[in-house]
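Before any comments, here is the structure.
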Amino acid sequence: MRRLPPVLIEDGCPRDLLSLIRTILAACKEISFRVSQGELSGVLGSTLDENIQGETQKKLDVLSNQLLKDILLESGYVKAIASEEEDYTVAGNPDAEYIVAFDPLDGSSNTDINSLVGTIFSIMKAPKDKAADDQSIFMQAGKHQVAAGYVLYGPSTMLALTIGKGTRLFTLDRTHGSFLLTEDKVTIPEDTKEFAINASNQRHWLAPMQNYIADCLAGEEGPRKKNFNMRWIACMVGDVHRLLCRGGLFTYPEDTKNPEKPFKLRLLYEANPMAMLVEQAGGVAYAGLDRILDIEPQEIHQRVAVTMGSKNEVEICLDYHK
Ligand code: AHG
Ligand code: MN
Ligand code: MN
Ligand code: MN
């Protein structure tokens, strides 16, 4: 089986981008090890701190963030980083070519139940005319990402990666510590009978989403005339991985639970990299009626509605919103 570096070199991946990706993966391998040790590595449970998102930080959120931050800043490959767990962007090497936004540990509510968690990353070119400590360095639409990926810490540790030439899956071979190519050309089927949504928020959704899900649930007797299955892992990496493996629709829609926070998922760390992976696999990704990758960010922790996955099903869902 082919290892990651030669696969990317064949695709024409610049050497410094490849080195940056390998740097991120070095931290992910360490996170993978700590996650797999569970209680034995003393990293389960919460801290007493709250992050900028207003969430209580898990010990693994803090540890994963520190591992990624340290290795990226020491590497010299990044001009700046932005993380879900950091209040502000952090400046790196002023001469570096790239910037990285990341969600160090996605699905942290799953840490204490030995269920799926992951790391999500987004790589963009660093604008030459901006200082490394200028927050606006990250105000670029997702279509400008040069690479995006996630590492899923599951029964096996897997990497989904795109450098804009399709989406590939790699599996971590623990005997060598290398990522081996296990799916060369991920293709999301256009149709599906599976959706993923946190149904406990149903009463807070807007009318179009209420109607769309109600029609899915009505099954063969309803207007959709087919039976749907529902899956929800509560870890976006796990839920998007299912989209890449067998299609489906994943959504975290706008809701009215907290009028100050109508959206849950973050544009830079979650929506953008996942949208690139999904589009590169033939799927589509929207925030409301806007293509996620076209959104011009206004601030680093910006949140958006997310609906992504199988093209035809996502478009049916969008039709309810028009
Ligand atoms: P994070 O753990 O990085 O804060 O992200 C959690 C996100 C995402 O993974 C998932 O889709 C969603 O939050 C789960 O939210 P619910 O609490 O509504 O299940
Ligand atoms: Mn979080
Ligand atoms: Mn997350
Ligand atoms: Mn997170």
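Table for the structure above
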quantity: Sole residue being of a type in the set (A, V, I, L, M), in contact with a helix residue (DSSP H, G or I) (Cβ under 7 Å, 6 or more places away or on another chain) and under 20 Å from L4 (Cβ atoms), chosen from L152, L116; calculated: L152
quantity: Enumerated helices (runs of 4 or more DSSP H) restricted to the range 196-299, each holding at least 3 residues that are within 16 Å of ligand 4 (Cβ to nearest atom); calculated: 236-246, 272-280
quantity: Residue in the range 94-101 that is within 19 Å of Q145 (Cα to Cα), within 14 Å of ligand 1 (Cβ to nearest atom) and modelled with pLDDT of 95 or more present; calculated: yes
quantity: Flag if D239 is under 23 Å from P155 (Cα atoms), surrounded by 15 or more Cβ atoms within 10 Å (Cβ to Cβ) and acidic (D, E); calculated: yes
quantity: Any hit, the range 133-140, residues being away from ligand 2 (no atom under 14 Å from the Cβ) and touching a helix residue (DSSP H, G or I) at 6+ places or on another chain (Cβ under 9 Å); calculated: yes
quantity: Subset of the range 302-313 [on the phi < 0 side of the Ramachandran plot and either surrounded by fewer than 20 Cβ atoms within 10 Å (Cβ to Cβ) or outside any loop (DSSP other than H, G, I, E, B) (or both)]; calculated: Q302, R303, V304, V306, T307, M308, K311, N312, E313
quantity: Selection within the range 284-307 - more than 17 Å from S122 (Cα to Cα) and within 15 Å of the chain's Cα centre (by Cα); calculated: V284, Y286, A287, A305, T307
quantity: Strands (runs of 3 or more DSSP E) fully within the range 108-192 counting 3 or more residues that are in contact (Cβ under 8 Å) with a residue 40 or more places away in the chain, within 24 Å of V90 (Cα to Cα) and hydrophobic (A, V, I, L, M, F, W, C); calculated: 117-125, 145-153
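The values are calculated or read from the model by the stated rules, or taken from the named source; none is laboratory data. Just so we're clear, the structure is a prediction, and the values are computed from it rather than from any experiment. Cβ sites come from the backbone with ideal geometry, for glycine too, and all protein chains shown count toward neighbours.
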